[in-house]
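*Asks:* Handing you this structure, nothing more for now.
The values are calculated or read from the model by the stated rules, or taken from the named source; none is laboratory data. Just so it is clear, the structure is predicted and the values come from calculations on it, not from any experiment. The area values use the complete protein model at the heavy-atom level, side chains included, leaving out ligands, DNA and RNA. Shrake-Rupley method; radii C 1.70, N 1.55, O 1.52, S 1.80 Å.
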Amino acid sequence: MSVEQQVPAEVSLRGGVAAVSCNDAYSFSKPNRPEIVLVPGLGVEGDIHAGVTVRHRSRVAVDPLQPNLRQVHLIQAELHDEVRAEGFDVPAGGMGENVTTTGIDLLGLPCGTILRFGAGVGVGVGVGVGSGGGAGAGAGASVGAGVGPGQGPADVVAAAGRATLDDPTAGAVAVLSAVVAAEAERADVDDRPAVVVTGLRNPCQQINRFRPGLLKRVLGKDEAGNPVRRAGVMAVVLRGGVIRPGDAVSVELPAGPHRPLDRV
C-alpha cells in the first residue's frame, strides 16, 4: 500500500456527535450513554477495551504486549443510514463503537488525523495518565492533557517499542508518535477532548452473528482486489474529557505526506 494519500478537497472538517456508548464487559454491541469520559492514552473510562496494550480478545490471544491502537472505536451514522435502507437494523453502538459521528467521512481521513470534541478551546481538567498498563480505565482515572514522555498516548508509543510490530501497526505507531510530539510542542494548547485516528476496524464474522448478511456490506474489495473495510475507524486518546451527544467535532489533518488508514 502506498504511504501517501491525497485527501479529497471536499472532505468535511467539521461534524457532530450523534451518540456515545461504552460497556465494562465484553460484548459485540455497546449500550448508549448520556456521556463518556476519555482518558489520555487509555481510552474510554470504564470501557472494557481501555488500556495501553491490546484489550480486544482476538488480539490479546495472539500477543498481549501489542500497543492498543484501538482504544476508541468511531463509526459515522451515515453508514447506519445506508445499511438501514438495505434492511439492516443497526442502532448507534450496535457495532460496538464508542462514538457515532455525523457529517464526517471518517473512512476517508488519513492516519494521524486529530478529532477534537466540543465547541471551542477548553480548560485543563487534570493531569495526564501515564504508565497505564493493560487494564481498563477505572472510575477514578484522571483525565486531561498528558502528551509528554511517560504520559498518556506516549505510553502507547512506548509499549510499541517493546513489541514486535507488523507493517500496518508500525506505520500507524510512527504517525502517532509524530502527532504526540507535535501536540506536546504546541504553543496554542487546545485542551478539548481529542483522539488520534490510527486505522480501520477489521470486520469479522461477529458482524454476521449480529445481523446476518451485514458483513458483506462493510467488507468488500476494490478493483485491484484489495480489502475495503467500512466498519469504522480506531483511535488513541490524545486529550481527556467528557463527550456527549450533540458535541461538535473538529477535524485536524496531519502534516503531509498522508498515510492511508490500514487495519489495526
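*Asks:* Arrange the residues ASP188, ASP247 by how much accessible surface each exposes, largest first, with a 1.4 angstrom probe. It would help to have the intermediate numbers written out before the result.
*Replies:* Values: ASP188 100, ASP247 35 Å².
Putting ASP188, ASP247 in descending order of accessible area: ASP188, ASP247.
*Asks:* Tell me, how many Å apart are the Cα centres for the stretch 35-85 and for the stretch 185-264?
*Replies:* The distance from the Cα centre of the stretch 35-85 to that of the stretch 185-264 comes to 10 Å.
*Asks:* Still on this structure: Roughly speaking, what % of Cα-Cα pairs in the stretch 171-231 are separated by over 18 Å, rounded to a whole number?
*Replies:* Result: 57 percent of Cα pairs exceed 18 Å.
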